[in-house]
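The structure appears below as C-alpha cells.
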Amino acid sequence: MTRIAVAGASGLIGSALVRSLTADGHEVLRLVRRAPRAADEARWDPKKGDIDADRLDGCDAVVNLAGAGVGDHRWTGGYKREIRDSRVLGTTLLAETAAALPNPPRTLLNGSAVGYYGSTGSRAVDESAPPGEGFLPSVCVEWEAATAPAHQAGIRTVMARTGLVVSRAGGAWAKLFPLFRAGLGGRLGDGRQYWSYIALHDHVAALRHILDTASLSGPVNLTAPHPATNREVTAAMARVLHRPALFPAPAPALRLVLGEMAGDVLGSTRAVPTRLVKSGFEFAFPALDDAIKAA
C-alpha cells in the first residue's frame, strides 16, 4: 500500500485515478478547496497559498491534476488568467510544500498538456521538441517551471503532457458525443489538423505506470501512438456511433463563436508518446475506433 495525495481529484481524470488507486488498496488523500468532510480529504487554497502541509507529510507521491477547464468558457482576459493561475499557483504551492516537508514524497506527478508544443502542422513531436508560441504554450511553460522547487529538493518530478482524453464523462471529447449521436457531427475547419488523443482508461493506466516507474522523470506525453486528423476523428465517430457526419464547421464560423480559442481548435498538434512507450507502457486502446468504443 502507498499513500498518494491527489489535487484535482473531482475532475474527469482525477476521479478516475482515485477510483483506480483505491480499488487496488492504496490510500488516497484528496485535496479540496472547501472544508474537509471526510478523513481522506485535506484543505488547500492555491490562490491564497494555504495548504494543510502536515497531512502531506509522509505521502509517497503527490499527483496534481488541478486546473480550470480550457474549453469551459470563452477566453476573456479574466478567464485566461484563471486558466493560468489555477495551474501555476497550485503547482507552485504543492512543489514548495513538498520540498519543505520533513518526510517529502518520492514523486511529484504534475499535469501539463500537449498544448506545450503549439501548432506543429503535420510534423510529429515528442518530449524533446521545444515549446510553441501562443497562449497555451506559454501557460504550459510556466506550469512546468513551477515544479522546480520539488525537482531541486531531489523529488522525482514528472510533467504529464496530456492529449485530448476520449471520454463521454467530461473534457472536450464529451461535447462531441451528443452532436454525433444527433447526426449533427462534422469536421472542424478543413479537418486536416491533428488531434493527439488518448482513451481515459489508458490515461489513468499511464499515470499509474509513471508512479511505478522510478526511471521516468521530466516531461512525458500521454497520447496514443498514432494521432489522428480531425477528418479521421469525424469519420471514426460517425462509424462507431452509426450516424452521418454532414455538418462541417467552417473556420470563420468557429472564430466567430469561439474567439481566440478557435486558434487552438483549428491548430494541429501531432504529439507522440516516445518516452512512455520506451519505458514499457502498453496501450489497451491505441486505435481511434477502439478508444471511442471504450468511451
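The values are calculated or read from the model by the stated rules, or taken from the named source; none is laboratory data. Bear in mind the structure is a predicted one, so any value in this text is a computation, not a measurement. Don't worry about glycine lacking a Cβ; one is built from the backbone with ideal geometry, like all the others, and counts go over all protein chains shown. SASA here: full protein model, heavy atoms, side chains in, ligands and nucleic acids out. Shrake-Rupley method; radii C 1.70, N 1.55, O 1.52, S 1.80 Å.
Candidate cross-link partners of Lys80 among the aspartates and glutamates, defined by an alpha-carbon separation under 14 Å and a same-chain spacing of 8 or more, comprise Asp72, Glu142, Glu260, Asp264. For the residues Arg192, Arg74, Arg275, a 1.4 Å probe over the protein chains yields an accessible-area ranking, largest first, of Arg192, Arg74, Arg275.
In summary, the lysines within cross-link reach of Lys293, defined as a Cα separation below 19 angstrom excluding same-chain residues under 8 places away, comprise Lys175.
Placing +1 on the Cβ of every Lys and Arg and -1 on the Cβ of every Asp and Glu, with no other charges, gives the chain a dipole of roughly 840 debye about its Cα centre. Here the chain carries DSSP beta bridges of which approximately 10% are antiparallel, counting only pairs with both residues inside.
The ellipsoid equivalent to the alpha-carbon distribution of segment 1-124 has semi-axes of 26, 17, 15 angstrom, derived from the gyration tensor eigenvalues as √(5λ) and listed largest first. In the chain, Cα pairs under 8 Å separated by at least six residues give a relative contact order of 18 percent. Checking every one of the trypsin sites (Lys or Arg not before Pro) in segment 79-123 against DSSP loop status and a limit of 12 other Cβ atoms within 10 Å picks out Arg123. Taking Ser112, Ser279, Ser268 as the candidate residues, the one with maximal mean-square fluctuation in a Gaussian network model of the chain, Cα springs under 10 Å, is Ser279.
Below 8 Å, C-alpha to C-alpha, sequence gap of six or more: please give me the relative contact order for segment 10-115 in percent. After rounding, I find 27 percent.
Using alpha carbon centroids, what distance separates segment 178-213 and segment 146-160, in Å? Each part reduced to its Cα centre gives a spacing of 27 Å. Between helix 230-241 and the chain there is an angle of about 90 degrees, using the helix long axis and the longest principal axis of the Cα atoms.
Sorting the segments 208-214, 242-248 by their mean number of nearby beta carbons within 10 angstrom, highest to lowest, gives 208-214, 242-248. For the chain, the longest principal axis of the alpha carbon atoms and the long axis of helix 200-212 meet at an angle near 30°. A full extension of the chain between Ala35 and Ala153 corresponds to an added length of 39.5 nm, given 0.36 nm per residue minus the alpha carbon distance. Taking every protein chain into account, the 1.4 Å probe leaves Thr107 with about 10 Å² of accessible area, to the nearest ten. Taken along the Cα-to-beta-carbon direction at a fixed 7 Å, the label points for Val240 and Ser10 span 2.8 nm. The GluC sites (Glu not before Pro) of segment 77-141 meeting both criteria, a DSSP state outside H, G, I, E and B (loop) and at most 14 other C-beta atoms within 10 angstrom of the site's C-beta, are Glu133. For the chain, the longest principal axis of the alpha carbon atoms and the long axis of helix 77-100 meet at an angle near 30°.
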